[in-house]
Structures are given as C-alpha cells and as structure tokens.
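Note sheet for the following structure.
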Amino acid sequence: MNFLQTNYSNTTEVSKCHVFYTVVIGIFGSAICSIGICGNIISLLIVRKFGNLSATFFLLRSLAITDTIILIGYVLNLLLMEYLDYMDLILEVYYSEYQYVFMYVIFPIYSMSVTLAAWITCLLTIHR
C-alpha cells in the first residue's frame with residue numbers, strides 16, 4: 001500500500017494527487033535541473049576557455065560548480081524518493097540505511113553548497 005494512501009480514506013483522490021506530484025516534481029523538476037546542469041557545464045567551459053586568472057572568473061567558476069552540486073543532489077534525492085515511493089519501499093528504506101546516509105552525507109554536502117553559493121553570489125556583487 002502506498003504511503004499517501006494510508007492516511008486518507010479516498011484513495012482515488014490521493015492517487016490523482018500522487019500522479020500529479022510525480023509528474024510535476026519528478027519529471028519537470030528533473031528536466032529543469034538537467035537543463036541547469038548542462039548550462040553550468042557550458043558556462044564552466046566558456047569561462048575556462050576565455051577567462052583569465054582574475055577573481056571574477058574564479059568566482060564564476062566556483063558558483064557554477066556549487067550550483068551543479070546543488071542540482072545533482074536535488075535530482076538524486078528526488079529520483080531516489082520517487083523510485084522508492086513507486087516501489088512501495090519508502091518507509092522501510094527511509095527508516096533504515098537511507099536515513100543515515102542522508103543525514104550524515106547528502107544533507108551536509110547539500111547545505112554547504114547552498115551556503116557557499118549564497119556567499120559566492122554576495123562576493124560577486126561586492127567585487128563587481
């Protein structure tokens with residue numbers, strides 16, 4: 001039984017909401033993140049080719065790298081959760097190994113990347 005269906009009595013309404021959530025968040029979110037990852041890789045290549053050793057180009061490269069880490073972490077977490085939910089394994093896996101991997105590996109790296117991206121944006125603003 002699906003995790004969302006255990007809390008509600010009207011299963012058709014919940015399954016429609018789950019399909020909508022899967023399509024909007026799973027497919028469109030992953031597509032937008034994939035476009036962002038491709039854009040960051042292209043900007044890294046362009047900045048690397050035309051950029052000199054100035055602080056502006058260093059900050060732009062750093063921002064592209066941290067944004068790519070954020071997007072990859074978001075896509076991996078999103079796809080894993082959707083797959084586990086589809087296979088009706090979300091509660092068993094979430095409360096076992098994945099919880100510790102998420103708490104001690106994925107979430108700290110993701111949080112540091114978000115904080116670093118914000119500080120790099122502030123530095124770029126001050127520098128320019």
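Residues in the stretch 24-73 that are without any contact (Cβ under 8 Å) to a residue 12 or more places away in the chain, of a type in the set (Gly, Ala, Ser) and either crowded, with 16+ Cβ neighbours inside 10 Å or not in a helix (DSSP H, G or I) (or both): GLY51, SER54. Among the residues of the stretch 28-40, at least one is over 21 Å from PHE107 (Cβ atoms) and at pLDDT below 85.
Do we find that LEU84 is of a type outside the set (S, T, N, Q) and at pLDDT below 70 in this structure? In short, yes.
Is the stretch 7-17 home to any residue that is at pLDDT below 75, closer than 30 Å to PHE102 by Cβ and among the aromatic types (Phe, Trp, Tyr)?
In the first step, residues of the stretch 7-17 are kept if they are at pLDDT below 75; the result is 7-17.
Filter once more, so that each one left must be closer than 30 Å to PHE102 by Cβ: 7-8, 11, 13-17.
Imposing the further condition that a residue be among the aromatic types (Phe, Trp, Tyr) reduces the set to 8.
Checked the stretch 7-17: at least one residue is at pLDDT below 75, closer than 30 Å to PHE102 by Cβ and among the aromatic types (Phe, Trp, Tyr).
The one condition from (1) within 21 Å of SER43 (Cβ to Cβ); (2) surrounded by fewer than 16 Cβ atoms within 10 Å (Cβ to Cβ); (3) modelled with pLDDT of 80 or more that PHE107 does not meet is (1). Only a single item in (1) touching a His at 6+ places or on another chain (Cβ under 8 Å); (2) polar (S, T, N, Q); (3) closer than 27 Å to PHE102 by Cα is not met by THR56, and it is number (3).
The values are calculated or read from the model by the stated rules, or taken from the named source; none is laboratory data. All figures in this text were calculated on a predicted structure; none of them were measured in a lab. For neighbour counting, all protein chains shown are included, and Cβ atoms are generated from backbone atoms with ideal geometry for every residue, glycine included.
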